[in-house]
Each structure stands twice: as structure tokens, then as C-alpha cells.
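Report on one structure; see the data block that follows.
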Amino acid sequence: MKKVLFSGVPFDKGEITLALESGVDAVIVEREHVAAVQALSKIPVLSAEDQPYILLSSKADEEEAVRLLNQGRDVILREGWEIIPVENILAQSDRLAVETASLDRARL
């Protein structure tokens, strides 16, 4: 199931509020802002410092993403990912998130 997670890093209360009003499924912020954002909404608020971010630049990076996913962790791929490696990872887990600069790219 596709979900939209909003990255509020660096923190901007106006952008966070807009994301919440737009119906995102979760928000990622710096650890020191988690409690304040949780007070604004009932959706999950994740600490950026606790999320494994991976830049896919080699097969080893892809394998590391799969290893973390197999441990039950959610993984976020940094922007710059390509479709084929993402599909390879998704074939093994649906807990993968990808960073995008636009909604159009996210729809891929």
C-alpha cells in the first residue's frame, strides 16, 4: 500500500501544518520536534535520526536495504534512486520508502 510521508527536515512549522492538512500518512522531523508535532495530529511522527536512509549507489547498498528490511526496519532511499533496484527491493519487502522531490516522481 502506498503512503505519503512528509519530511519536515529542516523543521518549518508552516510546512508541517500544510502537510498535515493535506492528509499525509506520517511526518518525519528532527528528534527535538517529535513531541510538538505529535500534539498537532494523530498520524505517526517519526524521528529522522531513527530512520535508516540509504543512497543506492551500488549493489551493496541494495543488499543493505534488504538486510534492514528483513530485520523489520523501515528503510528510506535517498533521492537519486532508479526504478529497477527499487523494484528488486520491493519484491522482498513492502516497507520501503523513497525520497522524492515531487509528487509526480513519487507516483512512479
(request) Considering only the range 25-56, state which residues are among the aliphatic types (A, V, I, L, M) and touching a Ser or Thr at 6+ places or on another chain (Cβ under 9 Å). (result) VAL27, ILE28, VAL29, VAL34, LEU40, ALA48
(request) Please specify each residue of the range 78-104 satisfying the condition of being surrounded by 16 or more Cβ atoms within 10 Å (Cβ to Cβ) and out of contact with any helix residue (DSSP H, G or I) (no Cβ under 7 Å at 6 or more places or on another chain). (result) TRP81, VAL86, ALA97, GLU99
(request) Would you check which residues across the range 24-39 are surrounded by fewer than 17 Cβ atoms within 10 Å (Cβ to Cβ) and not aliphatic (A, V, I, L, M) and list them? (result) ASP25, GLU30, ARG31, GLU32, GLN38
(request) Could you figure out which of (1) surrounded by 11 or more Cβ atoms within 10 Å (Cβ to Cβ); (2) within 21 Å of SER7 (Cβ to Cβ); (3) over 13 Å from the mean Cα position of the chain (by Cα) isn't true of PRO52? (result) (3)
(message) Please go through the range 57-88 and give me each residue that is under 20 Å from VAL4 (Cα atoms), more than 15 Å from the chain's Cα centre (by Cα) and among the hydrophobic types (A, V, I, L, M, F, W, C), ordered by number.
(response) ILE83
(message) Show me the strands (runs of 3 or more DSSP E) found entirely inside the range 34-108 where at least 1 residues are outside the structural domain of VAL4 (by TED's automatic domain parsing), out of contact with any His (no Cβ under 8 Å at 6 or more places or on another chain) and without any contact (Cβ under 8 Å) to a residue 12 or more places away in the chain.
(response) none
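The values are calculated or read from the model by the stated rules, or taken from the named source; none is laboratory data. Please read all numbers here as calculations on a predicted model, not as lab measurements. A quick note on method: Cβ atoms are made from the backbone with ideal geometry, for glycine too, and the neighbour counts reach across all protein chains shown.
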